[in-house]
Amino acid sequence: MIWYPYAQMKTMDEPIHITKAQGIYLYSHKNKYIDTTSSWWSVIHGYNNQEINQVIKEQVDEFSHVMLGGLTHKPALDLSHKLKSFLPGSLNHCFYSDSGSVGVEVALKMAIQYHFNQGKCKKKEIIALTHAYHGDTFKTMAVGDDPDYHLAFPDKEGVHHINPNVEELKMILEKHHETIACLIVEPLLQGAGGMRMYGVDFLESARALCDQYNILLIFDEVATGFGRTGHRFVSDLVCPDIVVLGKALTAGYIGHAVTLANDKVFDGFYSDKAEHAFMHGPTFMGNPLACRAALKSIEIFEREDYISKIKHIEKLLKDAFKDFNHDAIKEIRILGAYLCIEVYNKENLKGFKKYALDRGVHSRPFIDYMYAMFPYIIKDRELHLVIDVYKSWFKEVE
């Protein structure tokens, strides 16, 4: 039996058995559905992309995996060189792992050990945002702030949660800067914690304050990276010390993540002292199949000018919902290729998943949020079909 995620196994609905996936569509034995979740926001090119398929097949015929412990290989070297040129500032140093959660764990460990290596052993506390979600491993749960996910794991020792508010950040840093190692944020868009948005001005001020108080700034761009917010990376707007990428990194083909550190952080580990080494090593870090998929995905992203496609999706969504309102709706939020309709009462979304499936749309609402994270290849007519289903639901609510 499969133990399914984020579900009470006793009461969960029967999962849909998928037999095929192509483009933006998922196929069951009887029906096909537009996938509005991009398989948890990762399948940016749609399913079954022939170019990515081909490079993975080529790599399988060479070798499928080689550990990076004392060994290296061309796919990992090529991807590292590409990411170095693709990311802003001196985010030059790639540490690979096998999921976004682990990538964030790596970033937090880097930040704390960076200060330890400088003799600042007290600097091991962390600032995170209220409603943060950074994954389901232990330290990522600690910096998260959502009991809907981690009710049984309330330990937040050494973590300060603030709103994305400059004055709150100033107060925390003035009082605790000698013990704080880093500030970690999902930049501009907080995903699983409620699809919340905030402005770049907070990030700009946070960058300056972190520099002032010797705090490392970490961007968790696992969800926001590769165009999701309408920018290649939010890191292009404000450059952090460490950034974590995942999900769309491999276009949804293989679980993989990368934690990129700038020269300052890397130099804090570069030493003749063995104890200054970063002692972490996921088995499948730098997996060659994942690296080849990532390289081809980035090539397609650049060649097809995806940022223009994303801006078009954003404009179409904003035009479609600019005059739409309903008593059940609290707020409609749109950014890049992302849409969220927040309702006042989660009962207003009860039955929506089946309603959408019956009309050819796979959606996964949660708590008070009806949302979509579209594949970037979606066409206008398909977008309008999804929009019509979302809007028509509120007639059912009445």
ask   = How large is the charge dipole for the chain, taken about the Cα centre, if only the Cβ atoms of Lys, Arg (+1) and Asp, Glu (-1) carry charge, to the nearest 20 debye?
value = 640 debye
query = Taking the highest mean first, how do the peptides 271-282, 55-66 order by number of other beta carbon atoms within 10 angstrom per residue?
reply = 55-66, 271-282
query = So for the chain, taking the charge dipole from beta-carbon charges (+1 Lys/Arg, -1 Asp/Glu), which of His115, Val102, Gln212 sits furthest toward the positive end?
reply = Val102
query = What whole-number value in cubic angstrom gives the convex hull volume per residue for the C-alpha atoms of the stretch 306-397?
reply = 86 Å³
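What order, most packed first, do the peptides 138-146, 208-216, 100-108 have when packing is the mean number of other Cβ atoms within 10 Å of each residue?
Averaged packing, sorted descending, gives the order 100-108, 138-146, 208-216.
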ask   = How large is ³J(HN,Hα) for each residue in the stretch 323-329, as worked out from phi by the Karplus curve 6.51 cos²θ - 1.76 cosθ + 1.60 (θ = phi - 60°), to whole Hz, x for Gly and Pro?
value = 10, 8, 8, 7, 4, 7, 8
Burial order of peptide ranges 300-310, 359-369 (average beta-carbon count within 10 Å, highest first) = 359-369, 300-310
key: Between the stretch 265-333 and the stretch 122-139, the alpha-carbon center distance in angstrom   = 19 Å
request  = Give me the number: length gained by fully extending Val200 to Ser28, i.e. 0.36 nm times residue separation minus the C-alpha to C-alpha distance, one decimal in nm.
outcome  = 57.8 nm
note = For the chain, longest principal axis from Cα atoms; helix 306-321 axis from its Cα atoms; angle between them, nearest 10 degrees, is 50 degrees
ask   = If R0 is 22 Å, what FRET efficiency do you get for Phe63 and Met279 from their C-beta distance, rounded to 0.05?
value = 0.25
Nearest-20 debye value, the stretch 306-397 charge dipole, Cβ charges on Lys, Arg, Asp, Glu = 240 debye
query = For helix 166-176, what angle does its Cα long axis make with the longest principal axis of the chain, in degrees from 0 to 90 and rounded to 10?
reply = 30 degrees
ask   = Glu299 to Ile2: extension gain in nm, 0.36 nm per residue of separation minus the Cα-Cα distance?
value = 103.4 nm
note = Taking only C-alpha positions in the chain, Rg and Dmax in angstrom work out to 21.3, 69
ask   = What pairs in Lys20/Lys57; Lys353/Lys391; Lys139/Lys273; Lys247/Lys354; Lys354/Lys395 have C-alpha atoms more than 21 Å from each other?
value = Lys139/Lys273; Lys247/Lys354
task = May I ask for the distance between the Cα centers of the stretch 16-53 and the stretch 165-192, given as a whole number of Å?
result = 38 Å
task = Grab the other residues whose beta carbon is less than 10 angstrom from that of Ile341, score K and R as +1, D and E as -1, and report the net.
result = 0
request  = At q = 0.17, 0.27 Å⁻¹, work out log10 I(q)/I(0) for the stretch 39-116 with the Debye formula, treating every Cα as an identical point scatterer and leaving solvent out; two decimals please.
outcome  = -1.01, -1.31
request  = Amide H neighbours of Glu125 under 5 Å, at least 5 residues apart or on other chains, H built in the peptide plane: list them.
outcome  = Ile180, Ala181
Residue-count net charge about Lys330 - beta-carbon cut-off 9 Å; Lys, Arg +1, Asp, Glu -1 = -3
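What percent antiparallel are the DSSP beta bridges of the stretch 197-354, to the nearest 5? Could you put the intermediate results ahead of the total?
Values: 10 of 13 bridges.
Counting only bridges with both partners in the stretch 197-354, antiparallel ones make up about 75 percent.
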task = Name the aspartates and glutamates eligible as straight-distance cross-link partners of Lys123: C-alpha to C-alpha under 17 Å, and not fewer than 8 places from it in the same chain.
result = Glu105, Glu157, Glu174, Glu178, Asp211, Asp241
ask   = Between Ala132 and residues 5 or more places away or on another chain, which pairs have amide H atoms under 5 Å apart, with H built 1.01 Å from N, and which residues are they?
value = Asp145
inquiry  = Just to check I understand the Karplus step: with θ = phi - 60° and J = 6.51 cos²θ - 1.76 cosθ + 1.60, what whole-Hz values come out for the stretch 337-347, glycine and proline as x?
reply    = 9, 9, 9, 9, 10, 8, 9, 6, 9, 4, 4
ask   = Roughly what angle does helix 200-213 make with the longest principal axis of the chain, taking Cα atoms, 0 to 90 degrees, to the nearest 10?
value = 20 degrees
ask   = Of all DSSP beta bridges located in the stretch 50-303, what percent are antiparallel, nearest 5?
value = 45 percent
message = Which residues does the label zone of Ala208 cover in the stretch 144-165, counting backbone N under 15 Å from a point 7 Å along Cα→Cβ?
response = 165
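Every number in this text was worked out from the coordinates using simple rules, so none of it is lab data. Keep in mind that this is a model prediction, so the values were computed, not measured. Reconstructed Cβ throughout: ideal geometry from the backbone, glycine too, with neighbour counts over all protein chains shown.
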